1. Can you tell me which residues in region 29-52 are under 25 Å from Val86 (Cα atoms) and among the hydrophobic types (A, V, I, L, M, F, W, C)?
2. Working only within region 133-166, note down all residues that are of a type outside the set (Ser, Thr, Tyr), in contact (Cβ under 8 Å) with a residue 24 or more places away in the chain and surrounded by 14 or more Cβ atoms within 10 Å (Cβ to Cβ).
3. Return yes or no: is Gly52 touching a residue at least 40 places away in the same chain (Cβ under 8 Å) and in contact with a Pro (Cβ under 6 Å, 6 or more places away or on another chain)?
4. Sort through Ile19, Ile67, Ile10 and tell me the only one that's loosely packed, with under 14 Cβ neighbours inside 10 Å and under 30 Å from Ala114 (Cα atoms).
5. Specify the residue that is nearest to Val75 (Cα to Cα); the eligible residues are those in region 1-18 that are in contact with a helix residue (DSSP H, G or I) (Cβ under 6 Å, 6 or more places away or on another chain) and in a helix (DSSP H, G or I).
6. Specify which of the listed residues (Lys193, Lys144) is at pLDDT below 80 and more than 16 Å from the chain's Cα centre (by Cα).
7. I'd like the residue in region 112-132 that is in contact with a strand residue (DSSP E or B) (Cβ under 9 Å, 6 or more places away or on another chain) and either surrounded by 15 or more Cβ atoms within 10 Å (Cβ to Cβ) or among the small types (Gly, Ala, Ser) (or both) and, out of all such residues, is modelled with the highest pLDDT.
8. Mind checking which residues of region 138-155 are assigned to a loop (DSSP other than H, G, I, E, B) and on the phi < 0 side of the Ramachandran plot?
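The values are calculated or read from the model by the stated rules, or taken from the named source; none is laboratory data. Because the structure is a prediction, the values reported are computed rather than measured. Cβ: placed from backbone, ideal geometry, glycine included. Neighbour counts: every protein chain shown.
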Amino acid sequence: MKKRNENWNIPNLLSGMRIVLVAPFLVCYLTNHTIWAWVILGVSGVTDFLDGKLARRLNQITDLGKILDPAADKVTQGAVAVGLAVKQPLLLPLLGIFLFKEFLMLIAGIILVANRKRPCAAKWYGKIATASFYVSFVTVVALKAIWHYESFSLTCILLSITAGFMIYAFLRYFGVFVQLLRSKDPKDYLQIKLRQPRRTAKPEHAFPKPLLPRILQKNRRQQRLKKEP
């Protein structure tokens, strides 16, 4: 019976779906279809909640899922940041810091995977940096769009706090990256197989290799005996 590949499961498909939803979100948001944009973002948030929940409940936690889930989060965050910054130029400096940090972390992740190492899971300082990023963006956009209030000093304060959290998180992640890269612990190595290796079926009447030379020798002896007078 063929063994089912553990990487093809519902949680991983949901993470992949979250990445696919990024393009429709950006198109809708930048073309002023704001309601549809936030609906798509809401669906993306639901898949983010479900993939981790289902992975734990169905015991379908895989190395591939540990890569896909944070990758989908970063791509979605980047899309939201780009969309908001395009319409709110004051947020461009924060967007630059965010993209630079994520780009370096992406390179670090590629290096780890190339060395067959598990990428680092999300840490508390990374979650705080992400939360402060969203709080700053939503606060600046909501104050201007809903209450028509815009304060340069408040924006600078929020951006400075968020940038500080991002830089701190990046430095901590860099330390984890170096530790993983140097680690020789087997649990830090990846075990990802997208395809199961094919097993070649042996012929039903095939002789075992050790017996084959013996059979040939026996046949030769019989032929020599027949030739003798």
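1. Leu30, Ile35, Trp36, Ala37, Trp38, Val39, Ile40, Leu41, Val43
2. Scanning region 133-166 gives Phe133, Phe137, Val140, Val141, Lys144, Leu159, Ala163, Phe165, Met166.
3. Criteria not met by Gly52.
4. Exactly one residue qualifies, and that residue is Ile10.
5. Arg18
6. Criteria check complete, one pass: Lys144.
7. Out of the qualifying residues, it is Lys117.
8. Ile146, Trp147, Tyr149, Glu150, Ser151
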